[in-house]
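**Q** Below you will find the structure I want to go over with you.
Nothing in this text is a laboratory measurement; each read-out follows from the coordinates by a stated rule. On a predicted model such as this, the values are computed, not experimentally measured, just so you know. Positions of Cβ are backbone-derived with ideal geometry, glycine not excepted, and every protein chain shown enters the neighbour counts.
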Amino acid sequence: MSEPVGAVPDVRELHGLTITKVSVGRGDNNCYVLRCRATGAQLMVDAANEPARLLDVCGGRLDAVVTSHQHWDHWRYGLAEVVSATGATTYAGAPDADAIEVPTQKRLEDGDIIAWGDSSVEVIRLTGHTPGSVALLYQDSREGSHLFTGDSLFPGGIGNTFGDPDLFASLFTDVSTKVFDRLPDQTRVYPGHGRGTTLGAERPSLAEWHARGW
């Protein structure tokens, strides 16, 4: 899933879920729409920008919107209008919720389950890029694990921790123990910007990331 900003949305069909990726705004923010194939219910990850385009992608129907973290580029120019138009329930990590100007109805903790239709994702807290950053894990019985990581994990490294060694240590530890130690190499990673990757492609670089400190 690798389309540039402004391109036709990229679609991946799984046994139980259809994943649509669209890149919006000048920051190349990725928005993902997860549609339950059994019921048609939909969850959006990061209603970042271009709300008219996002509403077109989801057909104007949403059950939930999850904001992966508090940074303004992931919600400021799209979330309010998308929620107003659809009535979707809003979710965000508990420590980040107060920094998001659109009210968060469901404050997420590590291990929470978000369900829509017959589909669900597990919340994985990855603390460091922000205090309440969350990743969402979808596991398909036929087609493996799919992880939506916000700005906490990208091809080539973990998220920006702004030169703070304590934040880096926190995020690196969380990504290492909660993601790489738990999930298989085939796990697909869907980041908040740019192209996706797999855990297998990134795993050999963990020691390098730790040594460089970013």
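**Q** Averaging sequence separations of C-alpha pairs under 8 Å and six or more residues apart, then dividing by the length of segment 10-212, give the relative contact order as a whole percent.
**A** Relative CO of segment 10-212 lands at 15 percent.
**Q** Moving on to the next point. Determine, for Trp75, Trp116, Trp209, the number of other Cβ atoms within 10 Å of each Cβ, and report the residues in order from fewest to most.
**A** With the sparsest Cβ surroundings first, the list reads Trp209, Trp116, Trp75.
**Q** On to the next question. Using packing as a proxy for protection, rank 60-67, 165-172 so that the peptide with the highest average count of other Cβ atoms within 10 Å comes first.
**A** Packing order, densest peptide first, comes out as 60-67, 165-172.
**Q** So if each residue of separation counts as 0.36 nm, and I subtract the Cα-Cα distance between Glu101 and Trp214, what length gain in nm does that give?
**A** Contour length minus Cα-Cα distance gives 37.8 nm.
**Q** Another question, if that's okay. Whole-Å semi-axes of the chain's equivalent ellipsoid, largest first, each the root of 5 times a Cα gyration tensor eigenvalue?
**A** Computed over the chain, the values are 25, 19, 16 Å.
**Q** Would you mind ranking Phe154, Phe148, Phe162 by Cβ crowding within 10 Å, fewest neighbours first?
**A** Ranking Phe154, Phe148, Phe162 by Cβ neighbours within 10 Å, fewest first, gives Phe162, Phe154, Phe148.
**Q** Can you give the helix-only mean residue ellipticity at 222 nm for the chain, where every DSSP H stretch with n ≥ 4 adds -39500 (n - 2.57) and the sum goes over all residues, rounded to the nearest 500 deg cm²/dmol?
**A** Helix-only estimate at 222 nm: -4500 deg cm²/dmol.
**Q** Pick out, in residue order, every one of the GluC sites (Glu not before Pro) in segment 100-148 that is DSSP loop and has at most 16 other C-beta atoms within 10 Å; say none if there are none.
**A** Filter output for segment 100-148: Glu101, Glu109, Glu143.
**Q** To the nearest 10 degrees, how steeply does helix 165-174 sit against the main Cα axis of the chain, on a 0 to 90 scale?
**A** Helix 165-174 sits roughly 70 degrees off the main axis of the chain.
**Q** As a test of understanding, state the convex hull volume per residue of segment 107-214 from its alpha carbons, in Å³.
**A** About 100 Å³ per residue, rounded to a whole number.
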